[in-house]
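Heads up, the thing below is written out as structure tokens.
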Amino acid sequence: MKVTLNKTDNVNGIIAIELEKPDYQENVDKSLNQFRQKANIPGFRQGKIPKGIIQKMYGKSILAEEINKLVSNELYKYIKENELNILGEPLPNEEEQKTIDFDKDENFEFKFDVALAPEFELPLNRRDTLIYYNVKLEDDFLDKQYDAYKQNYGSYKKVEGETVETDLIKGKISEIDNGEPKENLIEIENGMIMPSYIKDEETKKKFVGAKVGDTVVFNPKTAYDNNAAEIASLLQIAKENVADVDSDFSFEIQEVTRYEEAAMEQELFDKVLGEGVVSSEEEFKVKVTELLNNQFKPAADNLFMKSARELILKKLKDVEFPDVFLKRWLLVANEKNTAETIENDYPKIAEDLKYHLSKEKIVKEQDIKIENSDLETFAAEVARAQFTQYGMSNVPADVLENYVKRMLGDQNTVRNMYDQLVENKVMEWLKQTVKVNEKEIPSKDFEKLLSEDKEEK
């Protein structure tokens, strides 16, 4: 067997595979014998069919199958052993490939076109400039976050005075008829109502200003504008039974609780950040600002890398590419593609491929590696960031650990994290290689910048 590469230019080549009978005959004989043991042919017992009959009936297809397997294995073995950086997949050569006749030929030659990744330098240096945005949080942005924490970590406390719209009123709800308990009445011992949710203003006024010990008479259908779901929830009955309820009800107020925001003190600091992480309002605000800034970091990184991509593509604009082969391969690789769509999409595809090759070059030359410990640390950071986005800054260690385990158990998640870690290390190399102008930008302007960037895509 002989396998050779003939480079037709810097980015195209033809791999030729020459087979002689000794290269494939053993595999063919083995497959024929295996087929003979399994074949069912009328007039013969299974496993006792003469070899000549099997050869005559199935020899050609088995020969073709074994040669195809051998050629495919040798093709990719050659690419791997010779460390050929090919683009796309090898395609059968359409010009030099001779016709194959499995009935007559014993020696075969197969030829495949391959696209070779171009060799290039990446001339980045300190004369190249990129911008990195440092997001500055405005006071009103931070104040809204502090208010959200105080609201989220507040609590309901009993009140003795008159109720307000947002109070939670608890008590006994009883169905009545002319002011008296109704026969076979609906009665709820632990009823709850919040005046702010009542749609009818006159009914709402009956509850606002009432206090513990008072009894309010109201009609649920009037109160909730015949909303079956809300009435069913209040009276704790099935939704389909609401239509049968026309009575008035009495609400005997037994308890009123009012939601109070958390105070800006140690208890709130511990709930948000963890016990003892900070010990003063000043330290709390510094830490929260840091956490919020970190939420903007991925977006700032993405903008930086987008600029880096544009710079790299500009440097590589004259790099030779196997355009003809790649367009042909794209047409074969996806049956949904057409020559017209490929022609339209190819400039973007070529740019993506150039950028991908440039990152591969950086990774190889800088010996960038991702260890398991890197993935574990990064997974924990991602998990914390996700919880923080939902206002959960102080997640118990066991909850975080289990969440990270689930992340690391998902292959797609691990692959995405691996790619992101590589991207991060490439970004760090870029920051050390080119000149980086750090630019402070208010969060409102940064979000506008992100919105404009999204519209451009």
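The values are calculated or read from the model by the stated rules, or taken from the named source; none is laboratory data. Predicted, not measured: the structure shown is a model, and the values here were computed from it. Note that we place each Cβ from the backbone using ideal geometry, even for glycine, and neighbour counts take in every protein chain shown. The area values use the complete protein model at the heavy-atom level, side chains included, leaving out ligands, DNA and RNA. Shrake-Rupley method; radii C 1.70, N 1.55, O 1.52, S 1.80 Å.
Scan Glu351, Glu340 and give me the residue that is acidic (Asp, Glu), in a helix (DSSP H, G or I), free of Cβ contacts under 8 Å to residues at least 40 places away in the same chain and under 28 Å from Glu423 (Cα atoms).
Selected residue: Glu351, the only one of Glu351, Glu340 that is acidic (Asp, Glu), in a helix (DSSP H, G or I), free of Cβ contacts under 8 Å to residues at least 40 places away in the same chain and under 28 Å from Glu423 (Cα atoms).
Considering (1) open to solvent by less than 40 Å² (accessible area, probe 1.4 Å); (2) more than 30 Å from Glu180 (Cβ to Cβ); (3) out of contact with any Lys or Arg (no Cβ under 8 Å at 6 or more places or on another chain), say which one Asn219 fails and leave the rest.
Condition (2) is where Asn219 drops out.
Of Lys157, Lys199, Lys182, which residue is among the basic types (Lys, Arg), under 42 Å from the mean Cα position of the chain (by Cα) and at pLDDT below 95?
One residue alone meets the criteria, Lys157.
Going through the range 61-101 one residue at a time, which ones are touching a Lys or Arg at 6+ places or on another chain (Cβ under 6 Å) and under 17 Å from Trp329 (Cα atoms)?
Asn93
Can you tell me which residue is nearest to the chain's Cα centre (by Cα) among those in the range 277-305 that are among the basic types (Lys, Arg) and surrounded by 14 or more Cβ atoms within 10 Å (Cβ to Cβ)?
The qualifying residue nearest to the chain's Cα centre (by Cα) is Lys287.
Could you please let me know if Asp248 is surrounded by 14 or more Cβ atoms within 10 Å (Cβ to Cβ), touching a residue at least 60 places away in the same chain (Cβ under 8 Å) and over 20 Å from Gln151 (Cα atoms)?
yes
One line per residue, one yes/no per condition, for (1) open to solvent by 40 Å² or more (accessible area, probe 1.4 Å); (2) in contact with a strand residue (DSSP E or B) (Cβ under 9 Å, 6 or more places away or on another chain):
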{"position": "Phe120", "(1), (2)": "no, no"}
{"position": "Leu130", "(1), (2)": "no, yes"}
{"position": "Asp140", "(1), (2)": "yes, no"}
{"position": "Leu185", "(1), (2)": "yes, yes"}
{"position": "Ile188", "(1), (2)": "no, yes"}
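Given the criterion open to solvent by 50 Å² or more (accessible area, probe 1.4 Å), in contact with a helix residue (DSSP H, G or I) (Cβ under 8 Å, 6 or more places away or on another chain) and in a helix (DSSP H, G or I), identify the matching residue among Leu313, Leu331.
The match here is Leu331.
Return yes when Lys287 is in contact with a Leu (Cβ under 7 Å, 6 or more places away or on another chain), more than 30 Å from Leu357 (Cα to Cα) and at pLDDT below 95 and no when it is not.
Here the answer is yes, as Lys287 does meet what is asked.
Hydrophobic (A, V, I, L, M, F, W, C), over 22 Å from Glu160 (Cβ atoms) and open to solvent by 70 Å² or more (accessible area, probe 1.4 Å): which single residue out of Ala228, Ala243 fits that description?
Every option except Ala243 fails the conditions.
Could you list, in sequence order, the residues of the range 369-410 that are over 19 Å from the mean Cα position of the chain (by Cα), under 16 Å from Gly274 (Cα atoms) and outside any helix (DSSP H, G or I)?
Those that are over 19 Å from the mean Cα position of the chain (by Cα), under 16 Å from Gly274 (Cα atoms) and outside any helix (DSSP H, G or I): Gly391, Met392, Ser393, Asn394, Val395, Pro396.
Considering only residues of the range 257-276 that are of a type outside the set (Asp, Glu) and without any contact (Cβ under 8 Å) to a residue 60 or more places away in the chain, which is least open to solvent (accessible area, probe 1.4 Å)?
Here the residue is Phe269.
Just a yes or no: is a residue in the range 93-108 under 30 Å from Asp318 (Cα atoms), surrounded by fewer than 16 Cβ atoms within 10 Å (Cβ to Cβ) and without any contact (Cβ under 8 Å) to a residue 60 or more places away in the chain?
Looking for residues that are under 30 Å from Asp318 (Cα atoms), surrounded by fewer than 16 Cβ atoms within 10 Å (Cβ to Cβ) and without any contact (Cβ under 8 Å) to a residue 60 or more places away in the chain, one finds at least one in the range 93-108, hence yes.
Looking at (1) modelled with pLDDT under 95; (2) under 27 Å from Lys315 (Cβ atoms), find the lone condition where Ile362 falls short.
(1)
Out of everything in the range 426-442 that is touching a Lys or Arg at 6+ places or on another chain (Cβ under 9 Å) and open to solvent by 80 Å² or more (accessible area, probe 1.4 Å), what residue ends up being farthest from Phe141 (Cα to Cα)?
Lys435
Each row is one residue, and each column tells you yes or no for (1) surrounded by 12 or more Cβ atoms within 10 Å (Cβ to Cβ); (2) within 25 Å of Val288 (Cβ to Cβ); (3) in contact (Cβ under 8 Å) with a residue 40 or more places away in the chain.
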site	(1), (2), (3)
Ala383	yes, yes, no
Gln389	no, yes, yes
Asn394	yes, yes, yes
Asp398	no, yes, no
Glu401	yes, yes, no
Val404	yes, yes, no
Leu408	yes, no, no
Asn416	yes, no, no
Glu423	yes, no, yes
